[in-house]
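The values are calculated or read from the model by the stated rules, or taken from the named source; none is laboratory data. Quick caveat: nothing in here was measured; it's all calculated off a predicted structure. With ideal geometry, Cβ positions are generated from the backbone for all residues, glycine too; neighbour counts draw on all protein chains shown. Note: areas computed on protein heavy atoms with side chains; ligands, DNA, RNA excluded. Shrake-Rupley method; radii C 1.70, N 1.55, O 1.52, S 1.80 Å.
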Amino acid sequence: LLSSVIPVLLILPRYIGSHFHKSDLAPFIPLIVLLLAYGTLPSQVQEVSLIYIRFSPYFLPFFVFAFRKPDNDFPSDKARHPGWFVFLIPGLSLFIVGIKMFQTANFYRESQAFGPLMEKAVANQRALSLIFDSGSRYITTPMVYLHYPLWYQAEKGGFVDVNFASNPPCVVRFKNDQAPSAVLGFEFRPTTFDWVKWQGWRYRYFFVRSLLPISQHFFDNPQCKVSIVQSSGPWSLYESSCITGKMTQ
């Protein structure tokens, strides 16, 4: 729906009587720099993705900067554009904002399902994130929940893998000999989890998001018992006896 609105916004400045600056190059510079960035920057650098795509929100305002307001030399009679037409741009803008507000409100309600897990989990523990279903019903981004369990780290002082601390651009990073096995990239393939390979004994908690129940043997291992301690919507919190000191079975 929003993609159909963008072309309308692109032609509106011209339709209401605005036109490009002909003798001044300065208004075009932001748009030129943006287009150069789009054409030359890579999509990924040092494990940081979506590099040039991050500049997308600037396109429409930079495009508008290249126009000048109507002057006496340009016809601007009401027959060319009715009076109500000048309200179309702010109207479309408010329409887009309204859609985003609706999506945000619904996403907020949807994401509340994570709250009970946060309340149940003890602070300052090590956890592993296993997101089998990272999408949302209300947000078009297909990976909106991919790193969502890091809210536990942010609000309760724990440490959650997969973690950006293994990413080269980060200021604070793991030492080479201390990096966990679950490095960036594992979050896209949680089904490959192996207790030994991914050092499952390190973690007290496992934050799982799946629309379908995972296998009851998913965490089977010879060292610890892993039990579900909280479920809420598609979220489940599992706890390992390796850290809690409970009797292993």
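For region 154-196, filtering for residues that are without any contact (Cβ under 8 Å) to a residue 40 or more places away in the chain and over 21 Å from Ser111 (Cβ atoms) leaves 23.
Output the strands (runs of 3 or more DSSP E) that fall wholly within region 166-249 and possess 3 or more residues being surrounded by fewer than 17 Cβ atoms within 10 Å (Cβ to Cβ), or say none.
Numbers: elements: 205-209, 226-232, 235-240.
Answer list for region 166-249: 226-232.
The set of residues from region 118-135 being open to solvent by 30 Å² or more (accessible area, probe 1.4 Å) and of a type in the set (A, V, I, L, M) comprises Val122, Ala123. A single member of Ser236, Ser240 is closer than 18 Å to Arg126 by Cβ and more than 28 Å from the chain's Cα centre (by Cα), and it is Ser240.
Considering (1) closer than 30 Å to Gln46 by Cβ; (2) in contact (Cβ under 8 Å) with a residue 12 or more places away in the chain; (3) not hydroxyl-bearing (Ser, Thr, Tyr), the lone condition that Cys242 does not fulfil carries the number (1).
One residue alone among Gln223, Gln230, Gln199, Gln216 is without any contact (Cβ under 8 Å) to a residue 12 or more places away in the chain and among the polar types (S, T, N, Q), and that residue is Gln216. In region 58-104, of all residues being touching a Ser or Thr at 6+ places or on another chain (Cβ under 7 Å) and surrounded by 12 or more Cβ atoms within 10 Å (Cβ to Cβ), the one that is modelled with the lowest pLDDT corresponds to Pro70.
Remark: pairs (first residue in region 114-129, over 11 Å from Ser236 (Cα atoms); second residue open to solvent by 20 Å² or more (accessible area, probe 1.4 Å) and small (Gly, Ala, Ser); Cβ separation under 7 Å; 6+ apart in sequence or on different chains) = Ala123/Gly157; Asn124/Gly157.
Check region 146-155 and report whether any residue there is of a type in the set (Gly, Ala, Ser), at pLDDT 90 or above and exposed (fewer than 13 other Cβ atoms within 10 Å of the Cβ). So that I can check it myself, show each step before the final result.
So in region 146-155, the residues of a type in the set (Gly, Ala, Ser) come out as 154.
From what's left, at pLDDT 90 or above: 154.
From what is left, the residues that are exposed (fewer than 13 other Cβ atoms within 10 Å of the Cβ) are 154.
Yes, there is a match, as at least one residue in region 146-155 is of a type in the set (Gly, Ala, Ser), at pLDDT 90 or above and exposed (fewer than 13 other Cβ atoms within 10 Å of the Cβ).
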